[in-house]
Amino acid sequence: MMKLAIDLGSSVTKIFKIGSGVVLAEPSCVAVSTAHGGVKAIGEEAKRLIGKTAEFTTIVFPVFEADIVNGEMAAVMLSYFLEKIGVTRSRARRAEVLFSVPIGVQSGLIEKYRALAAACGIRTVHFVEVPFLSSLGQNMPLSETEPAFVVDMGGGNTNIAAFSLDGVIAGIGLNIGGGNIDSQIIDCVAEQFGLKIGLQTSEKLKMTVGSLYETDNESMIVNGRDIQSGRPRSVAVSSADVYGCLKLFADKVIEYTSMVIAKLPAEVSAVIWHNGISLSGGTARIIGMDDYFSHALQMDVNLADEPQMAVVLGGGRTIGDEEVLDAVRVEG
């Protein structure tokens, strides 16, 4: 039986196939014609159209803040991704699939995932919360007596949790992620430079010159539209210009991380303070994020080797180990 792990992210969908590793990582978006409702592009091709679409084309993001907000388009998108890696509908029926879900997932979202799986022809599904998968994807020691602490910052949501194989000890899911930083950068550049930039430009700024080291001063030339004249214009945007956007996000996540730490039993707290916390998710790749957390929390912070892949790698490890799967899956 084919075994897959799927991380259906707000920004990027990733798929792990047992025997092959990570076989797909593409943007979670669909370009749709508003004239006749047909799909024009999916994934990477659709993302390239963001900000460049004509009047009768719209970009749909089927997953928003860890919720499936457009089931029909989510099914179209996932079916396309599965076909792309050679999983036809007939093969999907015989596959065993693990989906990553946010911490504290409610039954309503589980049902949306079940409906999505059925629409793609998948019959056997499992669900595991993100923090568990992140830790397993980083090969962190995890047992009933050895708790771990993970902060996973994705594109649309952030999962914060202390947990062991016995379950979540304390945790919270936040409906904020790297996409919030992108929106803040768009507003920042408009206010500081009078320039309107697009989503892809703001994302590139975040990952290229964005830094949580105040002394960093890298810069990047960005192209946009002058807000007053409407004419094309270019400006140089520096690390210092967007620092406040990154800091606002990091401070909010740190605030909730501190709240979760404060709820821990004394024995668990002692282990966490000794072992430190782990950062994962694509947003954790921002320069200086780990050091900023470490300074704010006054404890060791470890950045995953491949932060953007930790969850799907953990999914692959879990779906391939029945004992681990039995220990961490969500019953729903």
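The values are calculated or read from the model by the stated rules, or taken from the named source; none is laboratory data. If you're wondering where the values come from, they're calculated on a predicted model, not measured in any experiment. Counting neighbours? That spans all protein chains shown, and the Cβs are built from the backbone with ideal geometry, glycine included.
Do we have any residue at all in region 303-321 that's surrounded by fewer than 22 Cβ atoms within 10 Å (Cβ to Cβ) and of a type in the set (Gly, Ala, Ser)?
yes
Here's the yes/no breakdown for (1) surrounded by 19 or more Cβ atoms within 10 Å (Cβ to Cβ); (2) more than 29 Å from VAL63 (Cα to Cα):
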site	(1), (2)
ASP182	yes, no
LEU212	yes, no
ASP216	no, yes
LEU248	no, no
ASP251	no, no
MET259	no, no
PRO265	no, yes
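Can you name the condition, by its number, that VAL271 falls short on among (1) among the β-branched types (Val, Ile, Thr); (2) in contact (Cβ under 8 Å) with a residue 60 or more places away in the chain; (3) buried (at least 20 other Cβ atoms within 10 Å of the Cβ); (4) over 18 Å from GLU129 (Cβ atoms)?
All conditions pass for VAL271, except number (3).
Is it the case that ILE15 is part of a loop (DSSP other than H, G, I, E, B), within 30 Å of ILE169 (Cα to Cα) and either within 24 Å of the chain's Cα centre (by Cα) or not aromatic (Phe, Trp, Tyr) (or both)?
When the stated conditions are applied, ILE15 does not pass them.
Name the single residue that is farthest from ALA296 (Cα to Cα) among those in region 215-255 being touching a strand residue (DSSP E or B) at 6+ places or on another chain (Cβ under 6 Å) and not in a strand (DSSP E or B).
ILE227
Given region 86-141, what helices (runs of 4 or more DSSP H) lie entirely inside it while holding 1 or more residues that are modelled with pLDDT of 95 or more and crowded, with 23+ Cβ neighbours inside 10 Å?
Values: elements: 89-93, 107-119, 130-137.
Here the list reads 107-119, 130-137.
If a residue has to be under 22 Å from the mean Cα position of the chain (by Cα) and either of a type in the set (D, E, K, R) or in a helix (DSSP H, G or I) (or both) to count, how many in region 314-332 make the cut?
Final tally of qualifying residues: 9.
Hey, does region 245-263 have a residue that's more than 30 Å from GLY104 (Cα to Cα) and either outside the structural domain of LEU49 (by TED's automatic domain parsing) or touching a residue at least 12 places away in the same chain (Cβ under 8 Å) (or both)?
no
I'd like the full set of residues that are over 17 Å from HIS274 (Cβ atoms) and assigned to a loop (DSSP other than H, G, I, E, B), limited to region 143-158.
Passing the criteria: GLU144, GLY154, GLY155, GLY156, ASN157.
For GLY43, indicate whether it is touching a residue at least 12 places away in the same chain (Cβ under 8 Å) and at positive phi.
It is true that GLY43 is touching a residue at least 12 places away in the same chain (Cβ under 8 Å) and at positive phi.
Going residue by residue through region 162-169, is there one that turns out to be under 23 Å from LYS206 (Cβ atoms) and in a loop (DSSP other than H, G, I, E, B)?
No: region 162-169 contains no residue that is under 23 Å from LYS206 (Cβ atoms) and in a loop (DSSP other than H, G, I, E, B).
Report, by residue number, each residue of region 234-282 that is farther than 27 Å from SER202 by Cβ and among the acidic types (Asp, Glu).
Across region 234-282, the qualifying residue is only GLU267.
How many residues, within region 184-204, are of a type in the set (A, V, I, L, M) and either in a loop (DSSP other than H, G, I, E, B) or in contact with a Cys (Cβ under 9 Å, 6 or more places away or on another chain) (or both)?
2
Scan region 61-80 and tell me whether some residue there is modelled with pLDDT under 95 and either loosely packed, with under 15 Cβ neighbours inside 10 Å or assigned by TED's automatic domain parsing to the domain that holds ASP300 (or both).
No: region 61-80 contains no residue that is modelled with pLDDT under 95 and either loosely packed, with under 15 Cβ neighbours inside 10 Å or assigned by TED's automatic domain parsing to the domain that holds ASP300 (or both).
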